[in-house]
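Inspection log for the structure reproduced underneath, given as structure tokens.
Values quoted throughout were computed directly from the atomic coordinates according to the rules given, and no laboratory measurement underlies them. Note that this is a predicted model, so its numbers are computed, not measured. With ideal geometry, Cβ positions are generated from the backbone for all residues, glycine too; neighbour counts draw on all protein chains shown.
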Amino acid sequence: MLVRVDFNVPLENGEVADDTRIRAALPTLELLLERGASEAVLASHLGRPKGEDPSLSLEPVRRRLRQLLDDTRLRLLENLRFNPGETANDVGFARDLADDCDLYVNDAFGAAHRAHASTEAVAHLLPAYAGLLLERELEELGGLLETPARPFVAVLGGAKVEDKIGVVESLAARADTLLVGGKMAEELRQRVGENGNHSQIVLPTDVVVAAAFEADAEAKVVSSEGVPDGWLGLDIGPQTRTAFAERIADARTVFWNGPMGVFEWPRFAEGTKAVAVAVAGADAHTVVGGGDSVRAVEELGVADRIDWISTGGGAALELLEGKELPGVAAIPQD
């Protein structure tokens, strides 16, 4: 069988730096092997190579997978994106992937928003099924749209403003409270002002600003309405941290995606840490997605107190925006 997995993991010095996505695929792989699969051909992309790029080979992933689940019936193909037919959703490349396979399992939620050969075209060539991880992701994230326990508090941050405007609008219509930090808050402050009252959207009242975009730049806390000319907002301030934590504490459902500031630099990481601790401590059903948000709960040692940590970044946001995911739509629903 052909199994589309999401092994798009970070590498450092030729080794897997974070194996979260590999471990997330293990339940599906173990189930297939237990059910008697003679061979499971695993397919994944890694990064965005321009042709065959040795630095983006899946060999380090193959080594890590062997450490986690050593079974000769598992065969991991090389990086799918080394072949231009993958991103072109080429049927010919899909046929090559499907060759000698009896069925197809898609367990790569993180790539489900891409109409690529391994996620969309191949699903029309073989009997297609969703893996356990893909099913759980759809259940957890779909539940946020359909039947969240209330109050439902969503927390959004990050710097990619345009990528999240659609999900901001979707969650603003569904959540009881939408807490927004990071660079996104700066643009939303203007948009909310132009478009009238959006009482469910809560923006920072104070921010940590710096004179330059540098890890050790001069920094101070100011009102969000009083950022000095030329200074940059790089984190939410202490007043906002407390206010956001109080809203999260009152929630019955919490979704968090995106840091509250430049989380990579310790001086501007306190807002993200405060949200991570609040989400982990909430008496609520909690869902966290997005690289920096996941990294925050893991580094603080509170990941085991989150009900669901999503493996999908862009896929999760598109699902919450209400968009159809090609990799999911291609799988028969019956």
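Taking 0.36 nm per intervening residue step and subtracting the Cα-Cα distance, what contour gain separates SER199 from ASP307 on full extension? Mind dumping the intermediate values first?
Values: separation 108, 0.36 × 108 = 38.88 nm, distance 2.79 nm.
Extra length available between SER199 and ASP307 comes to 36.1 nm.
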Expected vector for the stretch 77-82, Karplus 3J(HN,Hα) from phi with 6.51, -1.76, 1.60 and θ = phi - 60°, integer Hz, x for Gly and Pro, equals 6, 6, 2, 4, 7, 5
As a percent rounded to 5, the proportion of antiparallel DSSP bridges among beta bridges in the chain is 25
Quick one: 3J(HN,Hα) in Hz for the stretch 45-51, Karplus 6.51/-1.76/1.60 with θ = phi - 60°, rounded, Gly and Pro as x.
9, 8, x, 10, x, 9, x
Which lysines have a Cα lying under 30 Å from the Cα of LYS183, excluding residues fewer than 8 positions away in the same chain?
LYS160, LYS164, LYS220, LYS273, LYS323
If exposed means no more than 11 neighbouring beta carbons inside 10 Å and the site is in a DSSP loop, what's the longest run of the chain without any exposed trypsin sites (Lys or Arg not before Pro)?
51-334
Give the long-range amide H neighbours of LEU179: residues separated by 5 or more places, or on another chain, with amide H under 5 Å away, using H modelled in the peptide plane at 1.01 Å from N.
ALA154, VAL155, LEU156, VAL202
How large is the Kirkwood hydrodynamic radius of the stretch 2-133, counting all unique pairs of alpha carbons, in Å?
14.7
With Cα springs under 10 Å, the Gaussian network model of the chain assigns the largest mean-square fluctuation among GLY92, GLY230, GLY142 to GLY230
Could you give the length gained by full extension between ASN13 and GLU135, i.e. 0.36 nm per residue of separation minus their alpha carbon distance, to one decimal place?
40.6 nm
Separation in nanometres of the label points that stand 7 Å from Cα toward Cβ, at ALA159 and GLN190
1.8
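Tell me the Kirkwood radius of the stretch 188-329: reciprocal of the mean inverse pair distance over distinct alpha-carbon atoms, in Å. List each step's numbers first, then the result.
Details: mean 1/r = 0.0611 Å⁻¹.
That comes to 16.4 Å for the stretch 188-329.
Within the stretch 273-330, report the GluC sites (Glu not before Pro) that DSSP leaves as loop and that have at most 16 other Cβ atoms within 10 Å.
GLU324
How much of the DSSP beta bridge set in the stretch 1-140 is antiparallel, as a percent to the nearest 5?
Values: 2 of 14 bridges.
DSSP beta bridges in the stretch 1-140 are roughly 15 percent antiparallel.
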Any residue on another chain or 5+ positions along whose placed amide H is under 5 Å from the amide H of VAL3 is listed here as VAL41, LEU42, ALA43, VAL105
Sorted largest first, the C-alpha extents of the chain along its principal axes in whole angstrom are 64, 43, 34
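So how strong a dipole does the chain carry about its Cα centre when Lys and Arg Cβ are +1 and Asp and Glu Cβ are -1, to the nearest 20 debye? It would help to have the intermediate numbers written out before the result.
Numbers: 32 positive and 55 negative charges, 52 e Å.
Using only the charged Cβ atoms, the result is roughly 240 debye.
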